Amino acid sequence: MHIPKRYFHDRLVVLLLSINTFLALLGGILVLFRLDAGGSDVYIVQYRANLGLSAFKRGGSAPLLSFAVFGLLVLAVHVILSMRVYPVRRQFAITILAMASLLLCLSIIVSNALLILR
């Protein structure tokens, strides 16, 4: 894949790449540190508001580990998309990176909310 020559010289792009990398690593580390290594293997992994009293669905640690994988996947896909779009439109590339920041923030919030309910 060809990396545009001016892509890494753009300060806003480098700032957004740094923020996205930090958020992806932060989300993964927060999830990994909050899981019990040897304790109970039952976590609340879903909340369904329409089910009434049985709104909380329990599960193992694999759905919560998928939040860490999701953060890294979002980072990789958005960086690749941004690099491919940058030569055509700089604004679209920056928007793609900004949307990745929003998605990573929401992922951290949701994973934290599910881990607090344990």
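Bear in mind these aren't lab numbers, they're just calculated from the coordinates by the rules spelled out. Computed from a prediction, not measured in an experiment: that's the story for all the values here. Cβ coordinates were reconstructed from backbone atoms using ideal geometry, including for glycine residues, and neighbour counts include every protein chain displayed.
Summary of values
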quantity: K57, K5 arranged by Cβ crowding within 10 Å, fewest neighbours leading; calculated: K5, K57
quantity: Global form of the stretch 7-116, assessed from the alpha-carbon gyration tensor, a/c cut-off 1.5; calculated: prolate
quantity: Helix-only [θ]222 nm of the chain, DSSP H runs n ≥ 4, -39500 (n - 2.57) each, per residue, nearest 500; calculated: -22500 deg cm²/dmol
quantity: Cβ-placed point charges (K, R +1; D, E -1), dipole of the stretch 7-116 about Cα centre in debye, nearest 20; calculated: 300 debye
quantity: Degrees separating the helix 62-85 axis from the principal Cα axis of the chain, which is the longest one; calculated: 10 degrees
